[in-house]
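Just below is one structure, and these are the notes that go with it.
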Amino acid sequence: MNNYISAVSNLVTAEGLALGLKSGVSQDVMVEVISKTPAGLGHITTAWPGKALCDNPLPAFMLDLARKDIGLALTAGASSKVPLSTGSVAREVYNIASAAGRGEEDWTTGIYRTVKSLSKITE
């Protein structure tokens, strides 16, 4: 599972950096900013322990806000001609989660609950 998570994270990192470069943001600035956030530090040790891993839905960041941000990035990618394939798939899963009533939950918990539900995992 580690290599799968790492490989997919590698692709979404490349897509995000390409979108930033195409939008005029320097690579050095992006690396500096991203390296201080869960995107750069790793969600499994930053955002997930107090939320998704203990099934805490109280939002630090609401799922619907993440869904909106994905949409904004996809719009920017389309207008800049930067392919954001992982974002397109992510938007669909976030839409499913929101439609299931998880839009006001923490984004990590809501997505984890949704993927577990789609996978027929009950705990």
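Within the range 5-23, being small (Gly, Ala, Ser) and surrounded by 15 or more Cβ atoms within 10 Å (Cβ to Cβ) holds for Gly16, Ala18, Gly20. Determine whether Thr75 is β-branched (Val, Ile, Thr), over 13 Å from the mean Cα position of the chain (by Cα) and within 21 Å of Ala14 (Cα to Cα). Against the criterion (β-branched (Val, Ile, Thr), over 13 Å from the mean Cα position of the chain (by Cα) and within 21 Å of Ala14 (Cα to Cα)), Thr75 qualifies. Being part of a loop (DSSP other than H, G, I, E, B) and either among the hydrophobic types (A, V, I, L, M, F, W, C) or at pLDDT 95 or above (or both), is that true of even one residue in the range 1-20? Within the range 1-20, one or more residues are part of a loop (DSSP other than H, G, I, E, B) and either among the hydrophobic types (A, V, I, L, M, F, W, C) or at pLDDT 95 or above (or both). For the range 32-49, check the following and say yes or no: at least one residue is modelled with pLDDT under 95 and over 24 Å from Ala7 (Cβ atoms). So far as the range 32-49 goes, no, none of its residues is modelled with pLDDT under 95 and over 24 Å from Ala7 (Cβ atoms). Please indicate, with yes or no, whether at least one residue in the range 44-56 is within 21 Å of Gly110 (Cα to Cα) and acidic (Asp, Glu). For the range 44-56, residues within 21 Å of Gly110 (Cα to Cα) and acidic (Asp, Glu): present. Take the range 24-52 and flag every residue that is exposed (fewer than 14 other Cβ atoms within 10 Å of the Cβ) and either polar (S, T, N, Q) or not in a helix (DSSP H, G or I) (or both). Once the filter is applied, which keeps residues that are exposed (fewer than 14 other Cβ atoms within 10 Å of the Cβ) and either polar (S, T, N, Q) or not in a helix (DSSP H, G or I) (or both), the range 24-52 yields Gly24, Val25, Ser26, Gln27, Ser35, Lys36, Thr37, Gly42, Thr45, Pro49. Counted as qualifying within the range 53-119 are the helices (runs of 4 or more DSSP H) with 3 or more residues that are of a type in the set (Val, Ile, Thr), modelled with pLDDT of 95 or more and surrounded by fewer than 20 Cβ atoms within 10 Å (Cβ to Cβ), namely 85-97.
The values are calculated or read from the model by the stated rules, or taken from the named source; none is laboratory data. Here the structure is a predicted model, which is why all the values come from computation and not from measurement. Here the Cβ is made from the backbone with ideal geometry for all residues, glycine too, and neighbour counts use every protein chain on show.
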